[in-house]
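Novice: Have a look at this one before I ask anything.
The values are calculated or read from the model by the stated rules, or taken from the named source; none is laboratory data. Keep in mind that what you see is a predicted model, and the values were worked out from it rather than measured. Note that each Cβ is placed from the backbone with ideal geometry, even for glycine, and that neighbours are counted across all protein chains shown.
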Amino acid sequence: MKATGRKKLIMTALWTEVCLTFPTLDAIHDGYEVYPVIDAVGGTSPEAHDLGVKRMIQAGAKPVSWAQLICELQRDWQRKDTAKVFAEILFAVEGN
């Protein structure tokens with residue numbers, strides 16, 4: 001990651017309270033801006049998930065949903081080169 005020079009990370013994992021929280025805290029400590037995708041991870045219980053999310057927010061993480069993430073990446077329907085695939089992903093999943 002350091003070699004790319006990028007400072008923003010999008011992260012998800014298996015368990016919120018361990019697999020996502022600890023790497024998020026480390027990345028924030030190392031100067032990265034972290035965007036955990038909250039609805040793409042789960043905890044060992046609803047309480048564990050919620051506490052993991054709260055801990056990441058306390059440390060400065062910026063939680064997003066998968067839909068927020070792809071909409072922010074697309075940003076604008078005028079981006080014709082990605083709009084078709086973006087719509088296929090967004091509307092296919094939303095329709096389920």
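Novice: Restricted to segment 65-91, and to residues that are among the polar types (S, T, N, Q) and surrounded by 12 or more Cβ atoms within 10 Å (Cβ to Cβ), which residue is modelled with the highest pLDDT?
Specialist: Step by step, filter segment 65-91, then rank; the result is S65.
Novice: Follow-up. If I go through segment 19-52 residue by residue, how many of them are under 16 Å from L9 (Cβ atoms) and not in a strand (DSSP E or B)?
Specialist: 17
Novice: To continue, here is another question. Determine the pairs where a residue that is assigned by TED's automatic domain parsing to the domain that holds E33 and more than 17 Å from H29 (Cα to Cα), located within segment 49-65, has a partner that is at pLDDT 95 or above and among the polar types (S, T, N, Q) with Cβ atoms under 6 Å apart, the partner being 6 or more residues away or on another chain.
Specialist: Final answer for the pair search is H49/T16.
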